[in-house]
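A quick write-up on the structure given underneath.
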Amino acid sequence: MPVELVGIRNLTARYEGMEVLKGIDLKVFAGDYLAVVGPNGSGKSTLIKALLGLVPVREGAITLFGAPQASFDRWERIGYLPQRLKAFNPHFPATVEEIVRLGLLAGKRFPKRRARQDDADLEEILQWLDIAPIRRRLIGELSGGQQQRVLLARAMVNRPELLILDEPTTALDPETREHFYGLVQRLNKNHGVTVILVTHDSATIGRYASRLLYVDKGVVFDGTFEAFCRSPEMAGFFGEYGQHLICQRH
(Lines give C-alpha, C1' and ligand atoms only; values in the text may rest on other atoms or scores of the structure.)
Protein backbone atom coordinates (compact mmCIF):
# COMPACT_ATOMS: atom_id res chain seq x y z
CA MET A 1 0.00 0.00 0.00
CA PRO A 2 1.38 3.42 -0.93
CA VAL A 3 2.04 5.72 2.01
CA GLU A 4 -0.10 8.85 2.05
CA LEU A 5 1.91 11.97 2.90
CA VAL A 6 -0.75 14.59 2.13
CA GLY A 7 -4.50 14.28 2.36
CA ILE A 8 -6.90 17.07 1.37
CA ARG A 9 -10.66 16.62 1.61
CA ASN A 10 -13.32 19.03 0.37
CA LEU A 11 -11.00 22.04 0.73
CA THR A 12 -12.43 25.53 0.29
CA ALA A 13 -10.01 28.42 0.73
CA ARG A 14 -10.14 32.19 0.47
CA TYR A 15 -7.35 34.61 -0.36
CA GLU A 16 -7.61 38.38 0.11
CA GLY A 17 -11.33 38.01 0.73
CA MET A 18 -12.08 35.98 -2.40
CA GLU A 19 -12.94 32.29 -2.66
CA VAL A 20 -10.23 30.84 -4.90
CA LEU A 21 -10.53 27.10 -4.21
CA LYS A 22 -13.65 25.04 -3.71
CA GLY A 23 -14.20 21.33 -3.11
CA ILE A 24 -10.58 20.21 -3.58
CA ASP A 25 -9.89 16.52 -2.93
CA LEU A 26 -6.30 15.34 -3.24
CA LYS A 27 -3.95 12.64 -1.97
CA VAL A 28 -0.19 12.71 -2.43
CA PHE A 29 1.70 9.46 -1.89
CA ALA A 30 5.34 8.74 -1.11
CA GLY A 31 7.32 8.74 -4.34
CA ASP A 32 4.98 11.02 -6.31
CA TYR A 33 6.32 13.80 -8.51
CA LEU A 34 3.11 15.80 -8.72
CA ALA A 35 2.92 18.81 -11.02
CA VAL A 36 0.16 21.28 -10.13
CA VAL A 37 -0.75 23.24 -13.25
CA GLY A 38 -3.45 25.65 -14.36
CA PRO A 39 -4.01 29.19 -15.66
CA ASN A 40 -3.10 32.35 -13.79
CA GLY A 41 -5.53 32.93 -10.93
CA SER A 42 -6.61 29.28 -10.84
CA GLY A 43 -5.64 28.81 -7.18
CA LYS A 44 -2.42 26.80 -7.61
CA SER A 45 -0.32 28.84 -5.20
CA THR A 46 -3.23 29.22 -2.80
CA LEU A 47 -3.48 25.43 -2.65
CA ILE A 48 0.17 25.25 -1.57
CA LYS A 49 -0.25 28.06 0.96
CA ALA A 50 -3.32 26.33 2.42
CA LEU A 51 -1.37 23.07 2.65
CA LEU A 52 1.38 24.85 4.61
CA GLY A 53 -1.07 26.73 6.84
CA LEU A 54 -0.24 30.12 5.30
CA VAL A 55 -3.81 31.01 4.29
CA PRO A 56 -7.05 30.29 6.16
CA VAL A 57 -9.08 27.26 5.17
CA ARG A 58 -12.82 27.94 5.13
CA GLU A 59 -13.95 24.33 4.87
CA GLY A 60 -12.37 20.92 4.60
CA ALA A 61 -9.54 18.99 6.22
CA ILE A 62 -5.81 18.64 5.61
CA THR A 63 -3.53 15.92 6.96
CA LEU A 64 0.27 15.82 6.74
CA PHE A 65 2.03 12.50 7.28
CA GLY A 66 -1.20 11.18 8.79
CA ALA A 67 -1.60 14.01 11.33
CA PRO A 68 -4.17 16.83 11.21
CA GLN A 69 -2.49 19.96 9.93
CA ALA A 70 -3.39 21.89 13.09
CA SER A 71 -1.39 19.49 15.28
CA PHE A 72 1.43 18.70 12.83
CA ASP A 73 4.79 19.79 14.29
CA ARG A 74 7.37 17.93 12.19
CA TRP A 75 7.94 20.68 9.62
CA GLU A 76 11.53 19.56 9.11
CA ARG A 77 10.03 16.70 7.10
CA ILE A 78 8.89 19.24 4.49
CA GLY A 79 11.17 21.38 2.32
CA TYR A 80 9.63 24.48 0.77
CA LEU A 81 10.85 26.67 -2.08
CA PRO A 82 8.47 29.65 -2.48
CA GLN A 83 7.86 31.63 -5.64
CA ARG A 84 11.06 33.07 -7.04
CA LEU A 85 12.45 35.88 -4.92
CA LYS A 86 13.51 39.16 -6.44
CA ALA A 87 17.03 39.02 -7.80
CA PHE A 88 19.69 39.20 -5.12
CA ASN A 89 21.73 42.38 -4.97
CA PRO A 90 25.22 41.59 -6.36
CA HIS A 91 26.68 42.96 -3.14
CA PHE A 92 24.43 40.95 -0.81
CA PRO A 93 26.98 39.73 1.77
CA ALA A 94 26.22 36.01 1.76
CA THR A 95 27.94 33.19 -0.08
CA VAL A 96 26.32 30.10 -1.56
CA GLU A 97 27.50 28.03 1.41
CA GLU A 98 26.09 30.52 3.93
CA ILE A 99 22.67 30.55 2.23
CA VAL A 100 22.48 26.76 2.25
CA ARG A 101 23.52 26.62 5.93
CA LEU A 102 20.45 28.69 6.78
CA GLY A 103 18.42 25.62 5.83
CA LEU A 104 20.24 23.61 8.48
CA LEU A 105 19.33 26.15 11.14
CA ALA A 106 15.67 26.07 10.13
CA GLY A 107 15.45 22.41 11.10
CA LYS A 108 16.96 22.79 14.56
CA ARG A 109 15.24 23.31 17.87
CA PHE A 110 16.49 25.92 20.31
CA PRO A 111 19.27 26.37 21.20
CA LYS A 112 20.36 26.23 17.55
CA ARG A 113 23.93 24.94 17.57
CA ARG A 114 26.13 23.76 14.75
CA ALA A 115 26.73 20.00 14.78
CA ARG A 116 29.45 17.90 13.18
CA GLN A 117 26.90 16.17 10.95
CA ASP A 118 25.89 19.57 9.53
CA ASP A 119 29.14 19.80 7.55
CA ALA A 120 28.61 16.37 6.03
CA ASP A 121 24.99 17.17 5.10
CA LEU A 122 26.04 20.49 3.61
CA GLU A 123 28.78 18.91 1.53
CA GLU A 124 26.48 16.21 0.23
CA ILE A 125 23.76 18.62 -0.96
CA LEU A 126 26.32 20.91 -2.61
CA GLN A 127 27.62 17.90 -4.54
CA TRP A 128 24.12 16.60 -5.39
CA LEU A 129 23.12 19.90 -6.96
CA ASP A 130 26.52 20.58 -8.56
CA ILE A 131 27.09 23.87 -6.74
CA ALA A 132 30.17 22.88 -4.72
CA PRO A 133 32.49 24.69 -7.19
CA ILE A 134 30.69 28.00 -6.55
CA ARG A 135 30.33 27.65 -2.77
CA ARG A 136 32.44 30.74 -2.01
CA ARG A 137 30.71 33.04 -4.51
CA LEU A 138 28.22 35.69 -3.43
CA ILE A 139 24.63 34.69 -4.16
CA GLY A 140 24.03 37.97 -6.00
CA GLU A 141 26.77 37.18 -8.53
CA LEU A 142 25.05 34.05 -9.81
CA SER A 143 22.75 33.50 -12.77
CA GLY A 144 19.04 32.94 -12.16
CA GLY A 145 19.39 29.20 -12.66
CA GLN A 146 22.30 28.98 -10.23
CA GLN A 147 20.39 31.00 -7.63
CA GLN A 148 17.46 28.60 -7.90
CA ARG A 149 19.75 25.61 -7.36
CA VAL A 150 21.14 27.30 -4.25
CA LEU A 151 17.64 27.93 -2.90
CA LEU A 152 16.73 24.33 -3.73
CA ALA A 153 19.81 23.20 -1.77
CA ARG A 154 18.67 25.30 1.19
CA ALA A 155 15.26 23.57 1.07
CA MET A 156 16.86 20.11 0.70
CA VAL A 157 19.77 20.23 3.14
CA ASN A 158 17.68 18.84 6.02
CA ARG A 159 16.76 15.79 3.91
CA PRO A 160 13.01 16.44 3.80
CA GLU A 161 10.75 13.62 2.73
CA LEU A 162 8.40 16.01 0.92
CA LEU A 163 9.62 18.90 -1.24
CA ILE A 164 7.14 21.64 -2.23
CA LEU A 165 8.11 24.13 -4.95
CA ASP A 166 5.85 27.05 -5.88
CA GLU A 167 6.52 28.38 -9.40
CA PRO A 168 10.30 27.88 -9.04
CA THR A 169 11.11 28.44 -12.73
CA THR A 170 9.04 31.53 -13.60
CA ALA A 171 12.00 33.81 -14.40
CA LEU A 172 14.20 31.14 -16.01
CA ASP A 173 14.84 30.71 -19.72
CA PRO A 174 13.43 27.52 -21.34
CA GLU A 175 16.72 25.60 -21.32
CA THR A 176 17.45 26.40 -17.67
CA ARG A 177 13.84 25.59 -16.76
CA GLU A 178 14.07 22.12 -18.27
CA HIS A 179 17.39 21.53 -16.51
CA PHE A 180 15.74 22.45 -13.21
CA TYR A 181 12.78 20.10 -13.82
CA GLY A 182 15.22 17.28 -14.60
CA LEU A 183 17.21 18.03 -11.47
CA VAL A 184 14.07 17.72 -9.35
CA GLN A 185 13.18 14.52 -11.19
CA ARG A 186 16.55 13.01 -10.18
CA LEU A 187 15.96 13.99 -6.55
CA ASN A 188 12.63 12.19 -6.81
CA LYS A 189 13.86 9.04 -8.52
CA ASN A 190 17.36 8.65 -7.10
CA HIS A 191 16.86 9.95 -3.56
CA GLY A 192 13.22 9.09 -2.88
CA VAL A 193 12.02 12.67 -2.37
CA THR A 194 8.28 13.17 -2.89
CA VAL A 195 7.67 16.33 -4.91
CA ILE A 196 4.81 18.79 -5.35
CA LEU A 197 5.77 21.38 -7.97
CA VAL A 198 3.51 24.26 -9.04
CA THR A 199 3.99 25.57 -12.57
CA HIS A 200 2.07 27.21 -15.39
CA ASP A 201 4.15 25.21 -17.88
CA SER A 202 1.73 22.37 -18.61
CA ALA A 203 3.52 21.12 -21.72
CA THR A 204 7.14 20.91 -20.55
CA ILE A 205 6.53 19.53 -17.06
CA GLY A 206 4.73 16.51 -18.56
CA ARG A 207 8.09 15.05 -19.56
CA TYR A 208 9.29 14.99 -15.95
CA ALA A 209 6.41 14.67 -13.48
CA SER A 210 4.80 11.29 -12.82
CA ARG A 211 1.42 12.87 -12.17
CA LEU A 212 -0.45 15.98 -13.34
CA LEU A 213 -3.03 17.89 -11.31
CA TYR A 214 -4.86 20.52 -13.37
CA VAL A 215 -6.54 23.07 -11.12
CA ASP A 216 -8.99 25.81 -12.03
CA LYS A 217 -10.54 26.68 -8.65
CA GLY A 218 -11.40 22.99 -8.45
CA VAL A 219 -9.71 19.81 -9.64
CA VAL A 220 -10.19 19.50 -13.41
CA PHE A 221 -7.85 16.53 -13.93
CA ASP A 222 -5.66 14.25 -11.81
CA GLY A 223 -3.60 11.54 -13.48
CA THR A 224 -0.60 10.89 -15.70
CA PHE A 225 0.34 13.25 -18.51
CA GLU A 226 -0.29 10.45 -21.01
CA ALA A 227 -3.83 10.02 -19.68
CA PHE A 228 -4.31 13.79 -19.87
CA CYS A 229 -3.36 13.77 -23.55
CA ARG A 230 -5.74 10.86 -24.32
CA SER A 231 -8.66 12.21 -22.30
CA PRO A 232 -11.83 13.12 -24.24
CA GLU A 233 -12.90 15.19 -21.22
CA MET A 234 -9.74 17.27 -21.47
CA ALA A 235 -10.26 17.65 -25.22
CA GLY A 236 -13.69 19.00 -24.39
CA PHE A 237 -12.30 21.30 -21.70
CA PHE A 238 -9.48 22.79 -23.82
CA GLY A 239 -10.73 22.01 -27.30
CA GLU A 240 -8.88 19.39 -29.34
CA TYR A 241 -6.45 22.01 -30.69
CA GLY A 242 -5.70 23.34 -27.21
CA GLN A 243 -5.08 19.83 -25.92
CA HIS A 244 -2.79 19.16 -28.89
CA LEU A 245 -0.74 22.32 -28.18
CA ILE A 246 -0.16 21.17 -24.60
CA CYS A 247 0.68 17.59 -25.55
CA GLN A 248 2.68 17.95 -28.77
CA ARG A 249 6.01 18.56 -26.99
CA HIS A 250 5.76 15.47 -24.83
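The values are calculated or read from the model by the stated rules, or taken from the named source; none is laboratory data. Source: prediction; values computed, not measured. We place every Cβ from the backbone using ideal geometry, glycine too, and count neighbours over all the protein chains shown.
In the range 1-12, which residue that is among the hydrophobic types (A, V, I, L, M, F, W, C) and in a strand (DSSP E or B) is farthest from G53 (Cα to Cα)?
Restricting to residues being among the hydrophobic types (A, V, I, L, M, F, W, C) and in a strand (DSSP E or B), the top hit is L5.
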Output yes when any residue across the range 209-229 is over 22 Å from A171 (Cα atoms), touching a Gly at 6+ places or on another chain (Cβ under 7 Å) and aromatic (F, W, Y), and no when none is. yes
For T176, only one of the following conditions fails: (1) in a loop (DSSP other than H, G, I, E, B); (2) surrounded by fewer than 20 Cβ atoms within 10 Å (Cβ to Cβ). What is its number? (1)
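Considering the range 159-168 alone, what residues qualify as being in a loop (DSSP other than H, G, I, E, B), in contact (Cβ under 8 Å) with a residue 60 or more places away in the chain and either under 22 Å from K189 (Cβ atoms) or among the small types (G, A, S) (or both)?
P160, E161, P168
Yes or no, residue by residue, for (1) outside any loop (DSSP other than H, G, I, E, B); (2) within 22 Å of F238 (Cβ to Cβ); (3) not aliphatic (A, V, I, L, M):
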{"position": "R14", "(1), (2), (3)": "yes, no, yes"}
{"position": "E19", "(1), (2), (3)": "yes, no, yes"}
{"position": "K22", "(1), (2), (3)": "yes, yes, yes"}
{"position": "L34", "(1), (2), (3)": "yes, yes, no"}
{"position": "G41", "(1), (2), (3)": "no, yes, yes"}
{"position": "L47", "(1), (2), (3)": "yes, yes, no"}
{"position": "V55", "(1), (2), (3)": "no, no, no"}
{"position": "I62", "(1), (2), (3)": "yes, no, no"}
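Out of the residues in the range 17-52 that are among the β-branched types (V, I, T) and more than 12 Å from V220 (Cβ to Cβ), state the one that is farthest from the chain's Cα centre (by Cα). Full working, then the answer.
Initially, the range 17-52 is screened for residues among the β-branched types (V, I, T), giving 20, 24, 28, 36-37, 46, 48.
Next, only the ones that are more than 12 Å from V220 (Cβ to Cβ) stay: 20, 28, 46, 48.
Details: V20: 20, V28: 13, T46: 13, I48: 9 Å.
Ranking the candidates gives V20 first.
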Members of the range 215-250 that are assigned to a loop (DSSP other than H, G, I, E, B) and in contact (Cβ under 8 Å) with a residue 24 or more places away in the chain: D216, K217, G218, Q248, R249, H250
Selection count, the range 157-180, where residues are within 13 Å of the chain's Cα centre (by Cα), farther than 12 Å from P82 by Cβ and at pLDDT below 90: 2
Subset of the range 137-183, residues over 27 Å from V6 (Cα atoms) and of a type in the set (S, T, N, Q), comes to S143, Q146, Q147, T176
Only unsatisfied item for A115, checking (1) among the hydrophobic types (A, V, I, L, M, F, W, C); (2) modelled with pLDDT under 90; (3) under 30 Å from V6 (Cα atoms), is (3)
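Specify which of the listed residues (E76, E98) is closer than 30 Å to L138 by Cα, within 21 Å of the chain's Cα centre (by Cα), among the acidic types (D, E) and modelled with pLDDT under 95. It would help to see each step written out before you state the result.
On the way: E98 fails: within 21 Å of the chain's Cα centre (by Cα).
Testing whether each residue is closer than 30 Å to L138 by Cα, within 21 Å of the chain's Cα centre (by Cα), among the acidic types (D, E) and modelled with pLDDT under 95 leaves just E76.
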Counted residues in the range 179-206 being within 20 Å of E161 (Cβ to Cβ), among the aliphatic types (A, V, I, L, M) and in a helix (DSSP H, G or I) come to 3
Apart from one, (1) over 28 Å from Y15 (Cβ atoms); (2) modelled with pLDDT of 95 or more all hold for T194; the odd one out is (1)
Qualifying residue in the range 136-154 (condition: among the hydrophobic types (A, V, I, L, M, F, W, C), buried (at least 22 other Cβ atoms within 10 Å of the Cβ), in contact with a Phe, Trp or Tyr (Cβ under 9 Å, 6 or more places away or on another chain) and within 18 Å of K44 (Cβ to Cβ)): no
